[in-house]
Amino acid sequence: MSARHSVVIRLAGESGEGVISSGDILTQAAARGGYYTQTFRTFPAEIKGGPCMYQFRLSDEPIWSHGRDVDLLVCFNQEAWDLNWDSLGPDGVILYDITEVAIPDDYLSRARPVRMEELAKEIGGSLRAKNMVAVGAVTGVLEFDTTPIEELVLRRYAHKEGVADANIAALHAGSDEAADLKGRYPLVPPVETEEDRMLISGNQAIAVGAIAAGVKYFAGYPITPASDILEWLSVRLPQVGGLTIQCEDEIASLASVLGASYAGAKAMTATSGPGLSLMGELIGYAGTAEIPVVIVDAQRGGPSTGLPTKTEQSDLNQALYGSHGDAPRIVIAPVSVEDCFFATVDAFNYAEEYQVPVILLTDQGLATRLEVIHRPETDTITLTPRKTSKGVAREDYKRYEYTANHISPMGIPGEPTGMYVATGIEHDEYGHPAYTPEIHLGMGHKRWDKLEPLKAGAPHAAHGEEYPTDVAFIGFGSTFGPVREAIDRLTEQGMSVGSFYPRVLMPFPADRVIDFVKDAKRIVVPEVNFTGQLARLIRAETGIELESVAKCDGLPFTAEAIMDLANQEVAV
């Protein structure tokens, strides 16, 4: 068979069988071998039990999505087959545990039994090495060098006598099991380059971006899928002179962060939809008191507790409007793992410059997926300083002074000239309570008009703006990858297709959207929620007639699904 540029592998089984750790091991090994990778995973919300799945795609070229048609499906049990058989590509191969899975006769010609449980017991005396047998079988099919995996195993189990040896033995046994499928999917070897790459998740990229932006205080409460940010910063933020605190709930977390920011520190919290709901009142306070803060919302399926471990983009309305009154905020939606780093830096810069809460909107798929990216060049980053009261005469200091750009100097405790009360009640320029119509209207303009430059001057489009004549895609966040891959393939077929993904969703760049779609025959808005929240926002802001394509099944779009949308002759 001729060498391929890309292969999609899916592992599926029961929580506790090592499905997720198997996927992580294979992904890390592929990255160390020089391949680009991208992953997607689902797992149960229960503490123990339930089906889980790990899909990863590897290629010698940059990857925009995790793929749709599975080339190699690894089934740990019968339920794994029952739930995932329809993901197989036309030439897809199945590896399955011979003691657990019964494959229908129609698929036996491309199925290979693997003695996962049997070999695990023979080698290690228990089922704990079952996943390593499965990993070995995958490496056998791909003709993948097991050395990086052995190094990972030795490092992970260095403190447990005999465990590493047993796992490596299981790895080799699994590879031997799939020997007859060796070379089924020969991969193009990665090109040797001097590029500095790293394997990182969206949550980790946000945490690294926060440190690069100068964060000094993080407070949070664990909630899926944002908890990784709290856990990662708990270890690393103190190493750069910062402080991380786990609070009793999301309300306390944001209140604590606002206190740190009031004191002059760059501060941040992270949560998911339910936690963002609890933070609503304090978001309004931050907007009124004009206190900078960054809030990460890693969206998950809703409403209520919903689907804690599935992906969704259904917090858009809450991020844009979630507080009583007209509470100002900036909303940013990164489109990739790499963009999570730079969007976080932007979030801190916007918070400091405009003295406003900034919500960074990701989702479970983007937050938890592993992706090989180019290491960010931190020496190119520019950080925006906070405008403070330093140098202002005490008698002249007005915390909420009306200025030409509507941004007034913020007093920091310890600065003798900058004493003020950071009140959430309506106030005059000095911060004194005031309720006249003129003051309320004036302060309303101050809080909102300062954000106007973001509509036109900020880098709203994450990867530029193409001006299509056939189909224009507009979206936000993680749907960008599948759309970008689909556009590349559709362009090769001769179709004029483009996409516009606003980096900043609040304030919304309506004029730029109108300009983008001016020549398009169709305007399609794909998003992962039930009501088409972005489509409604675009209609409200621009009056554009568009096709809303909202899916709400806990799974992301694929490039193939986007291509199908583009090739439809009628609106969806």
Pairs with Cβ under 8 Å, 6+ apart, first in the range 120-137 and on the phi < 0 side of the Ramachandran plot, second assigned to a helix (DSSP H, G or I) and among the acidic types (Asp, Glu): 127/117; 130/117; 133/177; 136/176; 136/177; 137/177
Residue in the range 86-105 that is in contact with a Ser or Thr (Cβ under 6 Å, 6 or more places away or on another chain) and crowded, with 19+ Cβ neighbours inside 10 Å present: no
Tabulated pairs, the range 160-177, first without any contact (Cβ under 8 Å) to a residue 40 or more places away in the chain, second open to solvent by 30 Å² or more (accessible area, probe 1.4 Å) and of a type outside the set (Asp, Glu), C-beta under 7 angstrom, 6+ apart or interchain: 163/157; 164/154; 164/157; 164/158
Given (1) open to solvent by 10 Å² or more (accessible area, probe 1.4 Å); (2) in contact with a strand residue (DSSP E or B) (Cβ under 9 Å, 6 or more places away or on another chain), index of the condition residue 30 fails: (1)
Given (1) more than 25 Å from the chain's Cα centre (by Cα); (2) open to solvent by less than 10 Å² (accessible area, probe 1.4 Å), number of the condition residue 493 does not satisfy: (2)
Condition check for residue 526: in contact (Cβ under 8 Å) with a residue 40 or more places away in the chain, crowded, with 23+ Cβ neighbours inside 10 Å, not in a loop (DSSP other than H, G, I, E, B) and not acidic (Asp, Glu): yes
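Residues are listed down the side, and each one gets a yes or a no for (1) open to solvent by 40 Å² or more (accessible area, probe 1.4 Å); (2) on the phi < 0 side of the Ramachandran plot; (3) part of a loop (DSSP other than H, G, I, E, B):
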site	(1), (2), (3)
204	yes, yes, no
209	no, yes, no
224	yes, yes, yes
228	yes, yes, no
231	yes, yes, no
239	yes, yes, no
256	no, yes, no
270	no, yes, no
277	yes, yes, no
Number of positions in the range 95-112 that are assigned to a strand (DSSP E or B) and touching an Asp or Glu at 6+ places or on another chain (Cβ under 8 Å): 2
Residue match in the range 286-301 (condition: out of contact with any Gly (no Cβ under 6 Å at 6 or more places or on another chain), modelled with pLDDT under 95 and more than 15 Å from residue 226 (Cα to Cα)): no
Residue within the range 190-198 that is open to solvent by 60 Å² or more (accessible area, probe 1.4 Å), touching a residue at least 60 places away in the same chain (Cβ under 8 Å) and over 28 Å from the mean Cα position of the chain (by Cα) present: yes
Extreme residue, farthest from residue 386 (Cα to Cα), among residues of the range 211-252 that are polar (S, T, N, Q) and without any contact (Cβ under 8 Å) to a residue 60 or more places away in the chain: 227
Options 110, 115; residue that is of a type in the set (D, E, K, R) and in contact (Cβ under 8 Å) with a residue 24 or more places away in the chain: 115
Residue list for the range 320-348, restricted to those being of a type in the set (Gly, Ala, Ser) and buried (at least 24 other Cβ atoms within 10 Å of the Cβ): 333, 336, 343, 347
Hits in the range 259-268 - residues which are assigned to a helix (DSSP H, G or I), within 13 Å of residue 410 (Cβ to Cβ) and open to solvent by less than 40 Å² (accessible area, probe 1.4 Å): 261
Among (1) within 27 Å of the chain's Cα centre (by Cα); (2) outside any loop (DSSP other than H, G, I, E, B), the one test that residue 466 misses: (2)
Criterion violated by residue 402 - all others in (1) touching a Pro at 6+ places or on another chain (Cβ under 9 Å); (2) surrounded by fewer than 20 Cβ atoms within 10 Å (Cβ to Cβ); (3) at pLDDT 95 or above satisfied: (1)
Subset of the range 1-27 (residues that are surrounded by 21 or more Cβ atoms within 10 Å (Cβ to Cβ) and in contact with an Asp or Glu (Cβ under 6 Å, 6 or more places away or on another chain)): 7, 8
Within the range 290-303, tally of residues that are more than 17 Å from residue 365 (Cα to Cα) and either under 23 Å from the mean Cα position of the chain (by Cα) or buried (at least 24 other Cβ atoms within 10 Å of the Cβ) (or both): 5
In the range 33-55, the residues that are in contact with a Leu (Cβ under 6 Å, 6 or more places away or on another chain) and surrounded by fewer than 18 Cβ atoms within 10 Å (Cβ to Cβ): none
Which listed residue is touching a Gly at 6+ places or on another chain (Cβ under 7 Å), open to solvent by 30 Å² or more (accessible area, probe 1.4 Å), at pLDDT below 90 and not hydrophobic (A, V, I, L, M, F, W, C), from 143, 161, 151: 143
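The values are calculated or read from the model by the stated rules, or taken from the named source; none is laboratory data. Keep in mind that what you see is a predicted model, and the values were worked out from it rather than measured. Methodologically, a virtual Cβ is constructed for each residue, glycine included, from the backbone with ideal geometry; neighbour enumeration extends over all protein chains shown. Note: areas computed on protein heavy atoms with side chains; ligands, DNA, RNA excluded. Shrake-Rupley method; radii C 1.70, N 1.55, O 1.52, S 1.80 Å.
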